[in-house]
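The values are calculated or read from the model by the stated rules, or taken from the named source; none is laboratory data. Keep in mind that what you see is a predicted model, and the values were worked out from it rather than measured. In this analysis, Cβ positions are derived from the backbone assuming ideal geometry, glycine residues included, and neighbour counts consider all displayed protein chains. The accessibility values were calculated without ligands, DNA or RNA, using every heavy atom of the protein model including side chains. Shrake-Rupley method; radii C 1.70, N 1.55, O 1.52, S 1.80 Å.
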Amino acid sequence: MKKQLILAALLLWGASSFAQIAAGTKYIGGMLRFNSNNNTSQIGSTTVKTPSTSSFSGSPELGYFVIDNLAVGISLDLSSGATTFYKADGSEDSKHLDSGVGVTLYSRKFFNVSENVSLFGGLNLGYHGNASKQNDGTTTTDYSSASTFGASIDAGVAFNITPKITVVGKWAGLGFNSMTTTYPKYSQTGQDKVDKSDSFGVGINTIGNPFAVGIYFGF
């Protein structure tokens, strides 16, 4: 126990001995993600195209340090994606299209562990809206719409490449999400179907992927 207390004291002393991130510091930055998958299946001597997917998401951010080592900020969450289905002859049959936009307010507390490295913990409150459509080649129809409210805590590490450029990695922590999804004219009766779900646990993140890396510019 005594050794653990001494180690903890040394870590705290080391963290406090490095320069703090000063109150009044501003930064912009964010994260971009892109993914594309093209798939085929081999049936005997015939190659068949199976559904392919592509997706893009970005989270531009703006932040401000209200006091030393404590930042507040706002992040936009933008996303789009498509799944393409094919006919037996390889021509395009239909598409499923997704688009989303959201906003997250957050605070982050930084702990300096060296001159260039800081750890942080964050609190996030966010909203995200998503719309899905179907395209059969000639007509586009609404498939579903969803809205999500959430709160989460996360953790991460910041590495200063230069005094003005920082690379940040974030891991989703403990979170809560409440989602409502509406399917218009779901049945032959023409009535809408509404699904509701609440999620709570580790790895739930209102900003985006459970793990993400971004670049930030201070000014």
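One table, with the values for the structure above:
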{"item": "Total charge dipole magnitude, the chain, about the Cα centre, Cβ charges on Lys, Arg, Asp, Glu only, Debye to nearest 20", "result": "580"}
{"item": "For the chain, alpha-carbon Rg relative to the globular expectation (2.2 N^0.38 Å, N residues)", "result": "1.33"}
{"item": "For the chain, accessible area per residue (1.4 Å probe, heavy atoms of protein chains only), Å²", "result": "61"}
{"item": "Contour minus Cα-Cα distance for D136 and V202 (0.36 nm per residue)", "result": "19.9 nm"}
{"item": "On Cα atoms only, tilt of 2-17 relative to the major axis of the chain in degrees", "result": "90"}
{"item": "Contour minus Cα-Cα distance for V117 and S54 (0.36 nm per residue)", "result": "19.2 nm"}
{"item": "Pair I153, K193: separation of 7 Å Cα→Cβ label points (nm)", "result": "3.8"}
{"item": "Backbone N under 19 Å from the S107 label point (7 Å along Cα→Cβ), restricted to the range 34-71", "result": "62-71"}
{"item": "Within the chain, longest stretch clear of exposed trypsin sites (Lys or Arg not before Pro) (DSSP loop, no more than 16 other Cβ within 10 Å)", "result": "1-86"}
{"item": "Theoretical gain in end-to-end length, I215 to L174 [0.36 nm per residue, Cα-Cα removed]", "result": "12.4 nm"}
